[in-house]
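These notes concern the structure reproduced below.
The values are calculated or read from the model by the stated rules, or taken from the named source; none is laboratory data. What you are looking at is a predicted structure, and each value in this text was computed from that prediction instead of being measured. Cβ: placed from backbone, ideal geometry, glycine included. Neighbour counts: every protein chain shown.
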Amino acid sequence: MKTKIFIDGSEGTTGLRIHERFEGRDDIELLPIANELRKDPAERKRLINESDITFLCLPDAAAREAVSLVENENVKIIDTSTAHRTESGWAYGFPELSSEHRAAIKNGKRIAVPGCHATGFISLVYPLIKGGILPADYPVCAFSLTGYSGGGKKMIAEYEAPERHSDIASPREYALTQQHKHLKEMKAVTGLDNEPLFSPIVADYYSGMVVSLPVYARYLNKRKTPGEMTQYFADYYKNEQFITVSENGNEDLYGGMLAGNSLSGYDGLKIYITGNDDRLVLSSQFDNLGKGASGAAVQCLNILMGCEENKGLVLTN
C-alpha cells in the first residue's frame, strides 16, 4: 500500500525540491491541490487529514495554523519551518545526533526539520558538548557562507534579476543584530548555556553552504589536536551514511580552500577539522537545500516509513 503524502506549500523552494525527490518512487501517492486552492483552509484541511504524512513548507504562522487543522490522530507532520523546532512533543529531525534522536523520529508523529545554518552548527557543537569536550558556557562564535537560494523566492528573484544592486555581486554579511531565527535551536538542541555569536554571509551562487566554528584548544575541557579532533568526529559519526569526516583537513580541497558550493546537489554533509594545536576551525559543508532542508525532510520521511534512509536522495558527489 502506498503512503499518502500531502505537501502544504508545494510551490515554495523547499516544497518543490521535496516533490522532485519523489520522482520514480512507487511507494508514495502524492495528494495534489489545485493551484487556486493552495491557500484555502478547507481544502488544505481535507488533504492534511486524508494524508498519512503531511509536509509543511510554509512560513511559521501558516505552519502553526496547519497543525491546528489536524483532526485525524494518525496523520504525521514533517514541518520544515522554524515554528516547532524547540517545541515539546516534536522530534528534532537530525537522526545522526544520537540513537535517541533517530528513535524519536521513527516513533514520532510530529517531526521538525532543522534549519540550514543550525544543521551545520549543531553537527559540530552537539558532539563536542555530548563528549564533554566543549564547556556548555564556552563563548561560542560561528559564521556561515551560504548561497542565495536559502533566502527563498524573494531573494532568488533579487539575485537573478537582469538589473540588480551592485552590492549583490559581493558576499554580504547579514543578521547583524544577532537575532537570527536559528539561534534558538542552536542553543536548545546543543545544550549551550548561551546563544552563540553568529555571523551568516550570503554570496552570489545558488546553493551550498559552509558553517565554521573556531575554538581555542586551551579552553576546551579535553584539549585535542586537529588529528585527535578529526578522529573524535570520525568515531562519533562512523555509522552514518549522510555524514563523512575528512581525514586530511584542507589537503583534499581544491586550492586548499573550503568552498560554499562544492556540495550543491548533494544530500549529505562533510566535516573538516583544520587549524593547529592552539586554534582549531571545525567546518561543516553541505547543501542548504539538501541536508539543510528538503533532503533532511525526505530522510525523516524515509525513517518514518521504515524504508532505506537514503531512498530518493543523492549521496554521491
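List of remarks:
- Unmet criterion (only one of (1) at negative phi; (2) exposed (fewer than 13 other Cβ atoms within 10 Å of the Cβ)) for GLU96: (2)
- ASN276 vs. criteria surrounded by fewer than 19 Cβ atoms within 10 Å (Cβ to Cβ) and in contact with a helix residue (DSSP H, G or I) (Cβ under 8 Å, 6 or more places away or on another chain): yes
- Boolean, ALA136 is touching an Asp or Glu at 6+ places or on another chain (Cβ under 6 Å) and either without any contact (Cβ under 8 Å) to a residue 60 or more places away in the chain or outside the structural domain of CYS57 (by TED's automatic domain parsing) (or both): yes
- For first residues located in the stretch 53-74 and within 19 Å of ALA297 (Cα to Cα), partners that are modelled with pLDDT of 95 or more and part of a helix (DSSP H, G or I) and lie 6+ apart or on another chain with Cβ distances below 6 Å form the pairs THR54/ILE48; LEU56/ALA63; LEU56/ALA66.
- The condition of being surrounded by fewer than 19 Cβ atoms within 10 Å (Cβ to Cβ) and either modelled with pLDDT under 95 or under 25 Å from SER10 (Cα atoms) (or both) holds for only one of GLY306, GLY292, GLY268, GLY312, that being GLY306.
- Scope the stretch 9-29; condition modelled with pLDDT of 95 or more and touching a Phe, Trp or Tyr at 6+ places or on another chain (Cβ under 7 Å); matching residues: ILE28
- For the stretch 199-241, filtered to residues that are among the hydrophobic types (A, V, I, L, M, F, W, C) and in contact with a helix residue (DSSP H, G or I) (Cβ under 6 Å, 6 or more places away or on another chain), the residue that is surrounded by the most Cβ atoms within 10 Å (Cβ to Cβ) is VAL211.
- Residue pairs whose Cβ atoms lie under 6 Å apart, sitting 6 or more positions apart in sequence or on different chains, and linking a residue in the stretch 183-200 that is without any contact (Cβ under 8 Å) to a residue 24 or more places away in the chain to a partner that is basic (Lys, Arg), are GLU195/LYS187.
- Residues satisfying the criterion are present in the stretch 111-122 (criterion: at pLDDT 95 or above, crowded, with 24+ Cβ neighbours inside 10 Å and assigned to a strand (DSSP E or B)).
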